[in-house]
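Participant: A single structure is presented below for examination.
The values are calculated or read from the model by the stated rules, or taken from the named source; none is laboratory data. Quantities reported herein were computed from a predicted structural model and do not represent experimental measurements. Please note: Cβ atoms are built from the backbone with ideal geometry, for glycine as well, and neighbour counts cover all protein chains shown.
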Amino acid sequence: MTTYVAFLRAINVGGHAVVKMTDVRDAFTAAGCKKVRSLIASGNLLFEAPAGSTELLVRRIQGKLRAVMGEAPVLFLRTMREMERLVASAPFKKSEATPRLKLYVAFLSQKPRLGPRFPLRSAPEALEVVVKNREAFIVSGKKKNGLYAFPNLFIEKQLGVAATSRNWSTVKKIVAAATP
């Protein structure tokens, strides 16, 4: 059995695609996943499944979620081993979350199709982005209006792939929760 982390895009955030996490866990179980548990209610799940085709696993899970949500959400899977390596790589070693800076990881559906020069910057959005494999690492500052930029739409537009973003502290909490 392989331990996976699933990130569902745009559920239970800002009133969008509100769904009970018990229903989501039940859908994963119905798709053949074991030891399913949700972490932080905005679409993060930890589960076990037989090693094999992740594409097939994603399609099975999406089919069960479609029955619960009316549509299949965009779903991103990473093995726990990939997540542990990600955290151990310390991608933000030159940046630190502060009251003026937030750190995000955008999980990408695939390696970017578009090839902008990195680091990618957006002055109006106060973002700086570096991509490694299927993850984008984002440093987000406060914009002129005092709000933080949320990087997901910028990432998808600039890289030409679907993405879902999580705060770096959330990523570390997920990995810590999975570690016995």
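Participant: Would you call L46 assigned by TED's automatic domain parsing to the domain that holds V131, within 21 Å of T179 (Cβ to Cβ), assigned to a strand (DSSP E or B) and touching a helix residue (DSSP H, G or I) at 6+ places or on another chain (Cβ under 8 Å)?
Facilitator: Details: assigned by TED's automatic domain parsing to the domain that holds V131: no; within 21 Å of T179 (Cβ to Cβ): yes; assigned to a strand (DSSP E or B): yes; touching a helix residue (DSSP H, G or I) at 6+ places or on another chain (Cβ under 8 Å): yes.
Spelling it out, it is not the case that L46 is assigned by TED's automatic domain parsing to the domain that holds V131, within 21 Å of T179 (Cβ to Cβ), assigned to a strand (DSSP E or B) and touching a helix residue (DSSP H, G or I) at 6+ places or on another chain (Cβ under 8 Å).
Participant: A follow-up question, please. Can you tell me how many residues within region 49-80 are under 17 Å from Q110 (Cα atoms), part of a helix (DSSP H, G or I) and among the charged types (D, E, K, R)?
Facilitator: Residues of region 49-80 under 17 Å from Q110 (Cα atoms): 53-59, 73-79.
Narrowing the set further to residues that are part of a helix (DSSP H, G or I) leaves 54-59.
Then keep just the ones that are among the charged types (D, E, K, R); that gives 55, 59.
Summing the residues that are under 17 Å from Q110 (Cα atoms), part of a helix (DSSP H, G or I) and among the charged types (D, E, K, R) in region 49-80 gives 2.
Participant: Moving on. Given the criteria within 19 Å of M21 (Cα to Cα) and over 15 Å from the mean Cα position of the chain (by Cα), does E55 qualify?
Facilitator: On the way: within 19 Å of M21 (Cα to Cα): no; over 15 Å from the mean Cα position of the chain (by Cα): yes.
No.
Participant: Could you go through region 98-109 and let me know if any residue there is under 22 Å from V19 (Cβ atoms), in the same structural domain as F28 (by TED's automatic domain parsing) and in contact (Cβ under 8 Å) with a residue 40 or more places away in the chain.
Facilitator: no
Participant: On to the next question. Can you tell me which residues in region 149-169 are closer than 17 Å to S95 by Cβ, hydroxyl-bearing (S, T, Y) and buried (at least 17 other Cβ atoms within 10 Å of the Cβ)?
Facilitator: S165
Every residue, every condition in (1) closer than 24 Å to N167 by Cα; (2) at pLDDT 90 or above, yes or no:
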{"position": "N12", "(1), (2)": "yes, no"}
{"position": "G15", "(1), (2)": "yes, no"}
{"position": "V18", "(1), (2)": "yes, no"}
{"position": "T29", "(1), (2)": "no, yes"}
{"position": "G32", "(1), (2)": "no, yes"}
{"position": "A51", "(1), (2)": "no, no"}
{"position": "R59", "(1), (2)": "no, yes"}
{"position": "V68", "(1), (2)": "no, no"}
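Participant: Considering only strands (runs of 3 or more DSSP E) fully contained in region 82-180, which possess at least 3 residues that are closer than 28 Å to R59 by Cα, of a type in the set (A, V, I, L, M, F, W, C) and touching an Asp or Glu at 6+ places or on another chain (Cβ under 7 Å)? Spell out how you get there, then give the answer.
Facilitator: On the way: elements: 101-108, 120-122, 127-132, 135-141, 163-167.
Output list reads 101-108.
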